[in-house]
Amino acid sequence: MREGVHILLPLYPRAEARGTLVFVLDEDGSELFWGREGSREEAEVVAGELQLELRAIRYVENELGVFLSEMSDGLTDLGVPLEHVADVIHEGYCNFMRMLKKVGRRDGDKGDNPRL
């Protein structure tokens, strides 16, 4: 991370342990049963890890939305017709993902990582 840059994660979703059960709560008040752990302590650890990851995902979603909006405006300003902007961004994204897969394979990934 660049020096001096601090990420503030959103307050939701929240994950909480209720005994051995883990629930995910969203800001609209909705709840989702996530799972059951072997002990209360395990449920608390899982809830903490889950909450961090879910908030990080929400952060990425929010930041990508802002970035894509700015990118779309920039492409339109350059003269790319508005009706082509989504396709241009999609093609760029696909090319980027192919590059990530190649890098992952060079770094020892066998190419079966479903996240890439």
Restricting attention to segment 10-33, which residues are hydrophobic (A, V, I, L, M, F, W, C) and either surrounded by 15 or more Cβ atoms within 10 Å (Cβ to Cβ) or out of contact with any helix residue (DSSP H, G or I) (no Cβ under 9 Å at 6 or more places or on another chain) (or both)? A15, A17, L21, V22, F23, V24, L25, L32, F33
Tell me whether segment 55-69 contains one or more residues that are of a type in the set (D, E), more than 20 Å from the chain's Cα centre (by Cα) and surrounded by fewer than 14 Cβ atoms within 10 Å (Cβ to Cβ). no
For segment 43-55, state whether one or more residues are outside any helix (DSSP H, G or I) and at pLDDT 95 or above. no
Sole residue being of a type in the set (D, E) and surrounded by fewer than 12 Cβ atoms within 10 Å (Cβ to Cβ), chosen from E44, E3: E3
What pairs come out if I take residues in segment 25-41 that are under 17 Å from L52 (Cβ atoms) and pair them with residues that are of a type in the set (S, T, N, Q) and outside any helix (DSSP H, G or I) whose C-beta lies under 8 Å away, six or more apart or interchain? E37/T20
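The values are calculated or read from the model by the stated rules, or taken from the named source; none is laboratory data. Just so it is clear, the structure is predicted and the values come from calculations on it, not from any experiment. When we count neighbours, we look across all protein chains shown, and the Cβ atoms used for this are built from the backbone with ideal geometry, even at glycine.
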